[in-house]
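Okay, so here's the structure we're looking at.
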Amino acid sequence: MAILYDSVARTFTLHTAESTYQMKADAQNVLLHTYFGPRADGTDFSYLIVSRDYGYCSEPAENTAGREYSLDYFPQEYPVYGDGDYRVSALQAGIAGQAPALALRYVSHRILPGKYDLPGLPALFSIEEGDAETLEIVLKDLYEEIYVTLLYGVFEEKNIITRAAVIGNRGAKTVKLSRVMSMGLDFPEGGRELISFYGKHTLERQFERKTLCHGITEISSARGTSSHHHNPFVIVCDRNTAEDVGACCAVSLVYSGSFKLQAEVDQFDSLRIVCGLNDNEFEWMLGSGESFAAPEVVLSYTEKGLSGLSNGLQKTYRENLIRSPWKNRKRPLLANNWEATYFKFTGGKLLELARQAADLGLELFVLDDGWFGKRDDDRSGLGDWYVNEKKLGCTLGELADRIHALGLKFGLWIEPEMVSEDSDLYRAHPDWAFVIPGRDPNRSRSQLLLDFSRQEVREYIKGRIDDLFASADIEYIKWDMNRSIGNVYSAADPGLSQGAVRHKYILGLYEVLEHMLAQHPDLLLEGCSGGGGRFDAGMLYYAPQIWCSDNTDAIERLRIHYGTSFGYPMSATAAHVSICPNHQNGRMTPFRTRGVCAMQGAFGYELDLDRMTQEEKDEARRQIRLYNENWELFQQGNYYRLASPYENPDFTAWSYVSPDQSRASLSVVYTDVHASAKPYRLKWKGLLEDALYELDGKLYSGTALMHGGTVLPWPECDYDSYMTVIERKN
Ligand code: GLA
């Protein structure tokens, strides 16, 4: 049993392979958070909570414990606004029209086999009987019929605890929710560090580590998407935590819209983390009998350092979050025409590219933007999901058939959440776009957003997507989203709480994705939002791979992939070989290095294959062969960051090790070159100590490779690279 309830102490103890998490319903029925750390026994950890009569700390409403009892400094499981706790709260709510205030007290609980789900929201799931258990704790406001059900999913073996919260209104009056977080997590000791991943378009998920000081640190997005700028994934760790040692805790939100994560270090140096929906512009009216679910958050605690943490999380997401049948299948090696042609193509040119792709041994041809409506640049056409037969010289079905005849699968780019003002759809339904009445909207890439909170808009888009599938044999979809969400106003119901629209939009997006996948369960869906603007655990539930960045430069990708690897599976990280000078930053890199870098994730090519030199084609064939021989290693292997692009100016290195440790790859990209350079040594990780591995024709023990290391070859030019695969021989 991973979840234990002690009816005398009234403690809930959750055990995973490496951690224990504990709560306690105390004498006043407040649900205290008593422990989250290395795996322990069932001890009631509330003995650690001691207090005095501190000034300016108020007592809870129905206090019977004296002035030494204040929620302002007690560690709580789900802290609320309005009960004498002045720190950041997880929930702010109250009867509509009245001042918000809650006083939540324990009512009941249930322990259930399997993993709960959250209807309409992405969430982790069980893959086999007994791999997860659920704890449901019900809290109730002391005064009103407002209930909060806290949900916990414990994946013991995977070392994962998920959390979610469902707010229920069982009274007659409407309840107004103005802040709903998925969780609160109180750590009694401060002195911790926060690792987060900031960025921008073409430079996503940049690693940043800082000490948490007194006050509130916030990582959030108010862009309506999880965003390029901040990612809904952080790590809280000790000062001495490194790749292979130290305590660390992952907090990962399974949500694709505006989010907020706050870390407050308080007057007693305690740390509180809250994480959930961004409350800027959020407001939700909960009618009598209704409930509201906050998205799921995934927690994992280990003392095995960042490597142990990210490998556990990557594996869990590969197995228990990504639901696509493609998670275990070899991802098709693809050619995408975007950087090859942009909007300027004909059907003939596409077929020529596809022929070259087939000749190289690629498996999927993706037709990117520009195939529909009036779309020869990015100023028009979005919303008109009708093929431009004049441009293609044939129907979409015919084009797909010709591509299939070359032995390739056919994939298509769409951006269904958007509308161009210069489009038939906008002319017919201007009120379907987000525009605040009486105000000119902000344009971004000359496009507006369709109001996905509206049923009729979603039904229309579902219909267009169904028609596309009916018109052609499509095996892959790249679902794009190329602007931040702003000017949010739903014209459907002017009386509707407009603060609800952003979240309803995301629920609407999930509904449309569900529809598409229910109709086409075998579809390979690739997420995209101007590259990695919606690279989050919510999208991974639907899309087993996500275009990681619009930056295809191999060297900048080193940092992007490095950051991404902490929270997400590398098999989900789509990466392509592109042309040089690179289109985003003008850098020249060897073709070989571009391949080494792109093979780190879901691999493909995005350049004019017609214009490749013979030498490049030979190298591409070698890369494709190498990937085909090792796809299981790259898709399912443990991933080790061996040299950080932030800490090592000379090279970045990483490695994959197969789950049975019989095979491993090593990839190195040199980022600087020197005359009279010193020899570079690098230690492998994750191998079997006693096994013998063959490297460059010689046998080495796992111990030798891990403790002694490998001497890297000298780089021969700028941005040279080295990649090798070793195999166990005994
Ligand atoms: C976004 C995507 C690109 C490409 C273009 C097409 O920027 O990230 O890969 O699909 O849109 O307009």
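Output the 0 to 90 degree angle, nearest 10, between the alpha-carbon long axis of helix 396-405 and the longest principal axis computed from the alpha carbons of the chain.
Once rounded, the angle reads 60 degrees.
Using the Kirkwood radius over Cα pairs, work out the Stokes-Einstein diffusion coefficient for the range 325-635 at 37 °C and 0.692 mPa s, in µm²/s as a whole number. Walk me through the intermediate numbers first.
Working: Rh = 20.0 Å.
Approximately 164 µm²/s, per Stokes-Einstein.
Between ARG209 and LYS330, what length comes free when the chain is fully extended (0.36 nm per residue of separation minus the Cα-Cα distance, one decimal in nm)?
Numbers: separation 121, 0.36 × 121 = 43.56 nm, distance 3.49 nm.
Stretched out fully, the ARG209 to LYS330 stretch lengthens by 40.1 nm.
Helix 455-471 versus the longest principal axis of the chain: what is the Cα-based angle in degrees, 0 to 90, to the nearest 10?
Relative to the chain, helix 455-471 is tipped by roughly 30 degrees.
Please list the equivalent ellipsoid semi-axes of the range 261-375, computed as the square roots of five times the alpha-carbon gyration tensor eigenvalues, in descending order and whole angstrom.
Taking √(5λ) for each Cα gyration eigenvalue gives 44, 24, 16 Å.
Taking every pair of alpha-carbon atoms in the range 558-646, give the share separated by more than 21 Å as a whole percent.
I get 33 percent for the Cα pairs in the range 558-646 exceeding 21 Å.
Per the Kirkwood treatment, what hydrodynamic radius in Å, one decimal, follows for the chain from the mean inverse distance over all distinct Cα pairs?
27.0 Å
Which of the lysines could a cross-linker bridge to LYS391, judged by Cα under 24 Å and excluding same-chain residues fewer than eight apart?
LYS344, LYS349, LYS374, LYS409, LYS478
Taking the Cα centre of the chain as the origin, how large is its charge dipole in debye, to the nearest 20, when only Lys and Arg (+1) and Asp and Glu (-1) carry charge on their Cβ atoms?
Working: 75 positive and 101 negative charges, 145 e Å.
The calculation lands at about 700 debye.
So for the range 490-613, what percent of the C-alpha to C-alpha distances run longer than 19 Å?
Percentage above 19 Å: 56.
Between the range 684-720 and the range 542-579, what's the alpha-carbon centroid distance in Å?
For the range 684-720 versus the range 542-579, the Cα centre distance is 25 Å.
Just want the ordering: THR564, THR671, from fewest to most Cβ atoms lying within 10 Å of their own Cβ.
Fewest-to-most ranking of THR564, THR671: THR671, THR564.
Considering the options ALA554, PHE452, MET516, tell which one lies farthest towards the positive end of the dipole of the range 325-635, charges being +1 on Lys and Arg and -1 on Asp and Glu at the Cβ, about the Cα centre.
Selected residue: ALA554.
Which residue, PHE651, TYR680, THR703, has the largest displacement toward the positive end of the dipole of the range 643-728 when charges sit on each Cβ (Lys, Arg +1; Asp, Glu -1)?
So the residue furthest toward the plus end is THR703.
Distance between Cα centroids, the range 310-375 to the range 98-153: provide it in whole Å.
Measuring centre to centre over Cα atoms gives 39 Å.
I'd like the antiparallel share, as a percent to the nearest 5, of DSSP beta bridges with both residues in the chain.
85 percent
Which trypsin sites (Lys or Arg not before Pro) in the range 2-54 sit in a loop by DSSP (not H, G, I, E or B) and have at most 12 other Cβ atoms within 10 Å of their own Cβ?
Those that pass, being in a loop and sparsely packed, are ARG52.
Might you report the magnitude of the Cβ-based charge dipole of the range 643-728 about its Cα centre, with Lys and Arg at +1 and Asp and Glu at -1, to the nearest 20 debye?
So the magnitude is around 220 debye.
Compute from the Cα atoms of the range 9-133 the Rg and the Dmax, the latter being the longest Cα-Cα distance, and quote both in angstrom.
Answer for the range 9-133, Rg first and Dmax second: 17.0, 52 Å.
Given N residues in the range 643-728, what is its alpha carbon radius of gyration divided by 2.2 N^0.38 Å?
Expressed relative to 2.2 N^0.38 Å, the Cα Rg reads 1.10.
Going by how many other Cβ atoms sit within 10 Å of their own, how do CYS248, CYS528, CYS580, CYS717 line up, fewest first?
So the ranking, lowest neighbour count to highest, is CYS717, CYS580, CYS248, CYS528.
Using DSSP to call loops (not H, G, I, E or B), can you name the chymotrypsin sites (Phe, Trp or Tyr not before Pro) in the range 689-730 whose Cβ has at most 13 other Cβ atoms within 10 angstrom?
When the chymotrypsin sites (Phe, Trp or Tyr not before Pro) of the range 689-730 are filtered for loop state and at most 13 Cβ neighbours within 10 Å, nothing remains.
Which length gain, in nm to one decimal place, applies between GLU129 and HIS674 when the Cα-Cα distance is subtracted from 0.36 nm times their residue separation? Mind dumping the intermediate values first?
Working: separation 545, 0.36 × 545 = 196.20 nm, distance 5.60 nm.
Here the answer is 190.6 nm.
Using Cβ contacts closer than 10 Å as the measure, can you line up SER658, SER471 from fewest to most?
With the sparsest Cβ surroundings first, the list reads SER471, SER658.
At 37 °C and 0.692 mPa s, grab the translational diffusion coefficient of the range 338-449 from Stokes-Einstein with a Kirkwood Rh over Cα pairs, rounded to a whole number in µm² per second.
Translational D for this selection: 216 µm²/s.
Of all GluC sites (Glu not before Pro) in the range 615-717, which ones are in loop regions per DSSP and have a Cβ with at most 11 other Cβ atoms within 10 Å?
GLU647, GLU716
Compute the acute angle (0 to 90°) between the alpha-carbon long axis of helix 305-316 and the principal axis of greatest extent of the alpha-carbon atoms of the chain; round to the nearest 10°.
80 degrees
Only the coordinates and a few stated rules stand behind these numbers; no lab work does. Note that the coordinates shown come from a computational prediction; the quantities given were computed from them, not determined experimentally. In this analysis, Cβ positions are derived from the backbone assuming ideal geometry, glycine residues included, and neighbour counts consider all displayed protein chains.
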